[in-house]
Amino acid sequence: MPINPDAVGETGGPVSRSWNSKDALLYAVGVGAGTEELQFTTENTKDVQQRVLPTFAVIIGGGGTPMGKVGSFNAAMMVHGEQGFELFDEIPPDGELESTGKIVGIYDKGSAAVLEFEAEAVNKATGKPLLKTRSMLFCRGEGGWGGDRGPSDRVEFPDAEPTHQVTYATREDQALTYRLSGDRNPLHSDPSFAAMGGFDKPILHGLCTYGFTGRALLHALCDGDPSRFRSMNARFSRPVIPGDELTVSMWANGGKALFRTTNQNGDVVIDQGVCGYS
């Protein structure tokens, strides 16, 4: 069946998800962390305790989302539109959580449908809330039924130089590492599948670009301390090709920062970013 707008409000779960030290290490390497970030990329370095990148929340969170109730769409024409998360505690290197999810919006953009989901997760070891995620999927070719177009609020960036700027280079094989954290969509690895979606070559996972961006925010705003990272939300505005260079620009103001990420050509690839920190 096609997209079903009446699915708004449907819930799913609870769903359990566990992870271990290796999962967290693999994710960190997948989003570009290396020898200068051993607290995230090793578990046995002298005098260094393993910690977890805050954006790992998007890997372990989101469970219980009732995807089967939104109807059908062409996966080759779907891209990640927006992603956010909120942390209530620091993510441990090993753990298990229980998530419940909800469809909070299905919007008609004319040429596309946008699906919005939220999920809340509890740390099963403590019984306390650990994190909350929010995601939006942009399904090209699935709109046009005359439904609500959805919210149109936009972040207004200051007319000033960024408070911080961090640049990272991605590898040409970056997507092949990142996909091992769970997203095996061939759009990011198979040239023929990418061509079906209208791309000249496989593109980088949006959440990989998001992870690079989160690393920049963590180090620039929180001095690399995950316990100070509170929340992050941003919109994916342009595909990234593995091998691209990413520059994250931030405008910080007392516990809140606006941010966006551009490629080596100055094209904005992540936009409308808001980060909370302490």
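Across region 33-58, the qualifying residues are those that are touching a residue at least 24 places away in the same chain (Cβ under 8 Å) and open to solvent by 30 Å² or more (accessible area, probe 1.4 Å), and the one among them that is nearest to the chain's Cα centre (by Cα) is R51.
Among the criteria (1) more than 22 Å from L246 (Cα to Cα); (2) modelled with pLDDT under 95; (3) of a type outside the set (A, V, I, L, M); (4) open to solvent by 30 Å² or more (accessible area, probe 1.4 Å), the one G150 does not fulfil is (4).
Listed by first and then second residue, the pairs with beta-carbon distance under 9 Å, at least 6 apart or on different chains, first residue in region 242-263 and more than 30 Å from S189 (Cβ to Cβ) and free of Cβ contacts under 8 Å to residues at least 60 places away in the same chain, second open to solvent by 20 Å² or more (accessible area, probe 1.4 Å) and part of a strand (DSSP E or B), are G255/R230; G255/Y277; K256/V274; K256/Y277.
Filtered by the rule that a residue be hydrophobic (A, V, I, L, M, F, W, C) and modelled with pLDDT of 95 or more, region 171-202 gives A175, L176, L180.
Check whether at least one residue in region 122-129 is buried (at least 16 other Cβ atoms within 10 Å of the Cβ), touching a residue at least 60 places away in the same chain (Cβ under 8 Å) and of a type in the set (A, V, I, L, M), and report yes or no. So far as region 122-129 goes, no, none of its residues is buried (at least 16 other Cβ atoms within 10 Å of the Cβ), touching a residue at least 60 places away in the same chain (Cβ under 8 Å) and of a type in the set (A, V, I, L, M). You will find that of L217, L207, the residue that is within 22 Å of F88 (Cβ to Cβ) and in contact with a His (Cβ under 7 Å, 6 or more places away or on another chain) is L207 and no other. Scanning region 168-178 for residues that are of a type in the set (F, W, Y) and surrounded by fewer than 22 Cβ atoms within 10 Å (Cβ to Cβ) yields one hit, Y168.
Of all the numbered requirements in (1) within 21 Å of G144 (Cβ to Cβ); (2) modelled with pLDDT of 95 or more; (3) open to solvent by 50 Å² or more (accessible area, probe 1.4 Å); (4) of a type outside the set (S, T, Y), F73 misses one, and that requirement is (2). Among the residues of region 32-57, the one identified as farther than 18 Å from S227 by Cβ and in contact with a strand residue (DSSP E or B) (Cβ under 9 Å, 6 or more places away or on another chain) is G32. Picking from residues in region 135-178 that are assigned to a helix (DSSP H, G or I) and among the aliphatic types (A, V, I, L, M), the one that is nearest to H205 (Cα to Cα) is A175. Condition test on P162, is it buried (at least 19 other Cβ atoms within 10 Å of the Cβ), farther than 30 Å from R17 by Cβ and either at pLDDT 95 or above or not aromatic (F, W, Y) (or both)? For P162, the condition - buried (at least 19 other Cβ atoms within 10 Å of the Cβ), farther than 30 Å from R17 by Cβ and either at pLDDT 95 or above or not aromatic (F, W, Y) (or both) - is met. Residue check: G62 meets all listed conditions (1) small (G, A, S); (2) modelled with pLDDT under 90; (3) open to solvent by 20 Å² or more (accessible area, probe 1.4 Å) but one, namely (2).
The values are calculated or read from the model by the stated rules, or taken from the named source; none is laboratory data. Computed from a prediction, not measured in an experiment: that's the story for all the values here. All Cβ positions, even for glycine, are placed from backbone atoms using ideal geometry, and neighbour counts span all protein chains on display. Remember, those area values only see protein heavy atoms, side chains included, never the ligands or the DNA or RNA. Shrake-Rupley method; radii C 1.70, N 1.55, O 1.52, S 1.80 Å.
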